[in-house]
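One structure below.
Since every read-out is calculated from the coordinates, none of them should be taken as a lab result. Given the structure is predicted, the values throughout are model-derived calculations rather than measurements. Cβ sites come from the backbone with ideal geometry, for glycine too, and all protein chains shown count toward neighbours.
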Amino acid sequence: MIFPARGAGSISLVVRHDDGRPAADTNVQLSSPAAARTDALGRVRFDNLAPGTFKIEVLEPGFAHTSVSVALGQDEHASVALDEAHTRAVPLLVVDELGARVPFAAITVELPSGVAYVDLDGDIQNLTLFTDAAGGIQLRHLPLDGDVNVTATFGSRRGSVKITALDQLAALRLESADEIVCR
């Protein structure tokens, strides 16, 4: 029989996508630093924790950055549900220096969390980030807060734009398309 150390606490966590589905096999980081992956039901447990405050973050490509702080007392157990942050979609139009649309430009996205951007449409992952034949692309699953840096490359031409979040208390309103001028 194993007895936990005196004063040791634990945190049980359930991680869910923004639509309520369990986030299976998802990387969860505890500030101690400890990391674990969720099970098929989105659950993970951290045991033998000393009293204190712990920041728990979900750091998984394709999952909107989500975090919570949990304070544990001596011999205390906390159960936490962590829901994915809501996201937004932004239409992006890539044009050259003359204003002509640039088809099939390669797109890279840098998120404020530093986690790799993965373009998800439900459970379907778009593996190619290129503009369509009309120079457009729909960037899905972007965070509501924080700046997102987007770069377009076509041949030797390259351009970038910073997409910023608008007032979070009002309806999120973006122009019909943000433009990158490739040079």
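Listed by Cβ neighbour count within 10 Å, with the fewest neighbours leading, Ile163, Ile56 appear as Ile163, Ile56.
Expressed in nm², what is the orientationally averaged projection area of the convex hull enclosing the Cα positions of the stretch 1-126? Its average projected convex-hull area is 9.9 nm². Between the stretch 102-145 and the stretch 27-55, the C-alpha centres lie 29 angstrom from each other. Entry note, the stretch 9-83: relative contact order of 40 percent, from Cα contacts under 8 Å with a spacing of 6+ residues. With the convex hull drawn around the C-alpha atoms of the stretch 9-83, the volume per residue stands at 71 Å³.
If R0 equals 30 Å, the separation of the Cβ atoms of Ala100 and Asp19 corresponds to a calculated FRET efficiency of about 0.20. Placing +1 on each Lys and Arg Cβ and -1 on each Asp and Glu Cβ, with no other charges, gives the stretch 9-83 a dipole about its Cα centre of roughly 40 debye.
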